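Chemist: First the structure, which I've put down as structure tokens, then a few questions once you've had a look.
The values are calculated or read from the model by the stated rules, or taken from the named source; none is laboratory data. Only a predicted model underlies this, so the values are computations on that prediction, with no experimental measurement involved. Positions of Cβ are backbone-derived with ideal geometry, glycine not excepted, and every protein chain shown enters the neighbour counts. Keep in mind that these areas ignore ligands, DNA and RNA; they rest on the heavy atoms of the full protein, side chains included. Shrake-Rupley method; radii C 1.70, N 1.55, O 1.52, S 1.80 Å.
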Amino acid sequence: MSTQVPGKAILLAEYGARVDRAAANLPATTSGNLFSVSGSIIVTSILGTVTTGIQAQANAIKLEAYNTANSAATDMCATVDSNGAVAGKVFGITGVTTAAAILGYAVPTGRIIVTGPGFIRLNTAATNTGQMSWTLTYIPLTPGASVAAV
């Protein structure tokens, strides 16, 4: 008789804890908080999913880590244009902060150390209609570190 480890346990062991953020409108030409970070964490994956088609006009979007102690933002990736992205497209990052994010039907996930306390934010260059949901997985780096969707 074989023993099988459930997929959920494998994902937890490989990627850490999972936090989901419900679909919401894109921020309007600003940065909008996606996740609140307490302590220091290792982001093992972050995935944005277009749930309501994004307006067909140029809009450079990127993720950033915002440190509340220093009131400073650090890019987690370079921008990608969300112009006309349809429901079902996904947003991912490579883990190289100077590399452009990817918006398509298959995207990478990156491992990035994010220090807190602070926020992981979506930064937009324009005001576009459309909605995205988000999933983040992480491993606490400092004791008691945690993430919550905002």
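Chemist: If I filter region 4-16 for residues that are surrounded by 16 or more Cβ atoms within 10 Å (Cβ to Cβ) and either touching a residue at least 24 places away in the same chain (Cβ under 8 Å) or small (Gly, Ala, Ser) (or both), do I get at least one hit?
Modeler: Yes, some residue in region 4-16 is surrounded by 16 or more Cβ atoms within 10 Å (Cβ to Cβ) and either touching a residue at least 24 places away in the same chain (Cβ under 8 Å) or small (Gly, Ala, Ser) (or both).
Chemist: Kindly provide the set of residues from region 63-90 that are open to solvent by less than 40 Å² (accessible area, probe 1.4 Å) and within 16 Å of residue 128 (Cα to Cα), ordered by number.
Modeler: Correct list: 80, 82, 84, 85.
Chemist: Residue 70 versus (1) under 20 Å from residue 147 (Cα atoms); (2) in a strand (DSSP E or B); (3) not aliphatic (A, V, I, L, M): which is the lone unmet condition?
Modeler: For residue 70, the exception is condition (2).
Chemist: Give region 53-62 a look and list any residue that's surrounded by fewer than 22 Cβ atoms within 10 Å (Cβ to Cβ) and part of a loop (DSSP other than H, G, I, E, B), or say none.
Modeler: Correct list: 53, 55, 56, 57, 58.
Chemist: Now a separate question. Please go through region 1-52 and pick out each residue that is assigned to a loop (DSSP other than H, G, I, E, B), over 20 Å from residue 93 (Cα atoms) and polar (S, T, N, Q).
Modeler: Within region 1-52, 2, 3, 4, 29 meet the criteria.
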